[in-house]
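**Student:** Next up is a structure, given as structure tokens.
The values are calculated or read from the model by the stated rules, or taken from the named source; none is laboratory data. Being a predicted model, the structure only gives us computed values, none of them experimental. Cβ sites come from the backbone with ideal geometry, for glycine too, and all protein chains shown count toward neighbours.
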Amino acid sequence: MNVVRVSKFLSRHLRHRPEDIGLSLDEGGWVDIEELLAACARRGGVLSREDLEFVVASNDKQRFAVDGNRIRANQGHSVVVDLGLTAQRPPDVLYHGTVADSLERIRAEGLKPMARNDVHLSSDVDTAERVGARRGKPVVLVVQAKAMHEAGHEFRLAENGVWLVAEVPPRFLQ
């Protein structure tokens, strides 16, 4: 079993395209594990429950959650789901990793969720650097989260520690 390939498969189908393998996520983004395993088998990728649990447990970003016989992605969806996360007071600053090619647009428009439901922010610079490095030389932006919160923006914290917000206007970026 290739753990990275399985993780990418799960991300694609639990966050973006469940219908491609015949799955329907419930309103919270959950799907029955047996249905997921059967869908994998129909696509020629036999995956055992033990393999699935290993991939979930060993994922460095803790992208997935298992609750009994259900699984879902913790965040990063482009399909509409309600993760059931409540608004929380964020730390004073949060971080966002990007690349230099995106800076001009970000300075003009702020951070937008693009194809996803939320903008993803991290509480530490190292994580933001790793995120930005996926697309080139990373640039880390500082988000004035406390000021945003005080201005009425709602922050939610995913189970894996990723902070979610609808957008980050340019005035809150450094």
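**Student:** Restricting to the range 21-48, name every residue that is modelled with pLDDT of 95 or more and among the charged types (D, E, K, R).
**Tutor:** Listed by number, the residues that qualify are Asp26, Glu27, Asp32, Glu34, Glu35.
**Student:** Shifting gears a bit: Being at pLDDT below 95 and either among the aliphatic types (A, V, I, L, M) or over 20 Å from Phe155 (Cβ atoms) (or both) is the filter here, so list the residues in the range 108-125 that pass it.
**Tutor:** Met114, Ala115
**Student:** Give me the pairs: first residue in the range 42-53 and surrounded by 15 or more Cβ atoms within 10 Å (Cβ to Cβ), second residue part of a helix (DSSP H, G or I), beta-carbon distance under 6 Å, and six or more apart or on different chains, which are they?
**Tutor:** If the second residue must be part of a helix (DSSP H, G or I), the pairs left are Leu47/Leu37; Leu47/Cys40.
**Student:** If you don't mind, there's one more thing I want to ask. As an exercise: evaluate Ala128 against (1) within 16 Å of the chain's Cα centre (by Cα); (2) touching a residue at least 12 places away in the same chain (Cβ under 8 Å); (3) outside any helix (DSSP H, G or I) and give the number of the one condition it does not meet.
**Tutor:** Single failed check for Ala128: (3).
**Student:** Could you list all residues from the range 63-82 that are surrounded by 19 or more Cβ atoms within 10 Å (Cβ to Cβ) and part of a loop (DSSP other than H, G, I, E, B)?
**Tutor:** Arg63, Asn74, Gln75, Gly76, His77, Val81
**Student:** Could you list all residues from the range 97-112 that are on the phi < 0 side of the Ramachandran plot and out of contact with any Ser or Thr (no Cβ under 9 Å at 6 or more places or on another chain)?
**Tutor:** Thr98, Val99, Ala100, Asp101, Ser102, Leu103, Glu104, Arg105, Arg107, Ala108, Glu109, Lys112
**Student:** Another question, then. Among the residues of the range 8-32, write down those that are closer than 12 Å to Phe64 by Cα and more than 15 Å from the chain's Cα centre (by Cα).
**Tutor:** Val31
**Student:** Confirm whether Val4 is in contact with a helix residue (DSSP H, G or I) (Cβ under 7 Å, 6 or more places away or on another chain) and of a type in the set (A, V, I, L, M, F, W, C).
**Tutor:** No; evaluated as a whole, the condition is false for this residue.
**Student:** Could I ask something else about it? Could you say whether any residue in the range 135-146 is closer than 30 Å to Leu52 by Cβ, outside any helix (DSSP H, G or I) and modelled with pLDDT under 95?
**Tutor:** There is at least one residue in the range 135-146 that is closer than 30 Å to Leu52 by Cβ, outside any helix (DSSP H, G or I) and modelled with pLDDT under 95.
**Student:** Under 9 Å by Cβ, and 6 or more places apart or on different chains, what pairs join a residue from the range 87-112 that is part of a helix (DSSP H, G or I) with one that is crowded, with 19+ Cβ neighbours inside 10 Å?
**Tutor:** Taking only residues 6 or more apart or on different chains, the pairs are Leu103/Leu141; Ile106/His96; Ile106/Thr98; Ile106/Leu141; Ile106/Val168.
**Student:** Please find, within the range 145-163, the residue that is nearest to Gly84 (Cα to Cα) out of those that are of a type in the set (A, V, I, L, M, F, W, C) and out of contact with any Pro (no Cβ under 9 Å at 6 or more places or on another chain).
**Tutor:** Ranking the qualifying residues of the range 145-163, first place goes to Ala158.
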